[in-house]
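All remarks here apply to the structure that follows.
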Amino acid sequence: MFSNLPAVTKALLIANGLVFVLQLVAGGALAPFMLWPLGSGGDPYSAGGFLPWQLVTYGFMHGDIGHLLFNMLALLMFGAPLEHTWGDKRFLTYYLVCVVGAALCQLAVGAWMMSEGAPPYPTLGASGGVFGLLLAYGMLFPHQRVMLLIPPIPMKARTLVIVYGVIELLLGFSGLQPGVAHFAHLGGMLFGWLLIRYWRGQPPFGRRGPPRPRIVR
């Protein structure tokens, strides 16, 4: 199955796996590649400071093997059919926009939390891009049935997107699952939705309804 994967999906799987191995070997030396909040202080080239490339690099790093496997399974499930539909260039563009969009939302949330006295902490993981893929899958294949892992419940892709979106929103505002960047997940979905609307020429980017007729007097 792996040999039949489309090129970008396969490359993303390999890249995330290699970076995780590098994390195990290098440890804290890779801290400058995690996503740190703006104004968190410290030496940005050692730990604790924001650097521009973190908007992308954080999305290839993971906290543990479970985190990696969950994201890669979702990338495999949703990424491959989307790449077959869009082609490699559009798929890669979409994925990276979702990763960066998730990072921007997390930076905004992190700045707000620091203003409330919370200590700065880094964000890492491909979840922002993966949630963007989930959103796109639900929009392109809304009636395709998918199976949840826990619990094993089949449902339509559109329903799955709504369920995950609501859960992330509730967990983000309630704080019931600290240490998880729920608003980054939502940011990946938001930027993915906006990009698809842009490609389709739909509001807020395209015309609102059919063009109005011109009246000749």
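The values are calculated or read from the model by the stated rules, or taken from the named source; none is laboratory data. All of these numbers come straight from a predicted model, not from anything done at the bench. Don't worry about glycine lacking a Cβ; one is built from the backbone with ideal geometry, like all the others, and counts go over all protein chains shown.
A few comments on the model shown:
- Taking region 72-91 as the range and being surrounded by 18 or more Cβ atoms within 10 Å (Cβ to Cβ) and over 16 Å from V146 (Cβ atoms) as the test, the residues that pass are M72, E83, W86, F91.
- Filtered residues of region 160-204 (kept if β-branched (V, I, T) and under 22 Å from L55 (Cα atoms)): V180, I196
- G27 meets all of the listed conditions (1) at pLDDT 95 or above; (2) farther than 21 Å from Y198 by Cβ but one, namely (1).
- Only one of the listed residues (G79, G132, G165) is in contact with a Gly (Cβ under 6 Å, 6 or more places away or on another chain) and more than 25 Å from G28 (Cα to Cα). That residue is G132.
- Residue ID - nearest to the chain's Cα centre (by Cα), chosen from residues in region 101-121 that are closer than 15 Å to M61 by Cβ and modelled with pLDDT of 90 or more: A102
- Selection status of Y58, touching a strand residue (DSSP E or B) at 6+ places or on another chain (Cβ under 6 Å), within 30 Å of R200 (Cβ to Cβ) and either part of a helix (DSSP H, G or I) or at pLDDT 95 or above (or both): yes
- Residue within region 63-83 that is of a type in the set (G, A, S), farther than 16 Å from L35 by Cβ and not in a helix (DSSP H, G or I) present: no
- A search for C-beta distances below 9 Å between a residue of region 189-217 that is in a helix (DSSP H, G or I) and any residue that is at pLDDT 95 or above and polar (S, T, N, Q), counting only pairs 6+ apart in sequence or on different chains, returns L195/T93.
- Among the candidates G117, G125, G63, residue that is surrounded by fewer than 18 Cβ atoms within 10 Å (Cβ to Cβ), on the phi > 0 side of the Ramachandran plot and not β-branched (V, I, T): G117
- The set of residues in region 151-161 that are hydrophobic (A, V, I, L, M, F, W, C) and in contact (Cβ under 8 Å) with a residue 12 or more places away in the chain comprises A157, L160, V161.
- Matching residues, region 100-150, being in contact with a strand residue (DSSP E or B) (Cβ under 7 Å, 6 or more places away or on another chain) and touching a residue at least 60 places away in the same chain (Cβ under 8 Å): A103, Q106, P122, T123, L124, V146
- Qualifying residue in region 136-154 (condition: within 14 Å of the chain's Cα centre (by Cα) and either surrounded by fewer than 18 Cβ atoms within 10 Å (Cβ to Cβ) or modelled with pLDDT of 95 or more (or both)): yes
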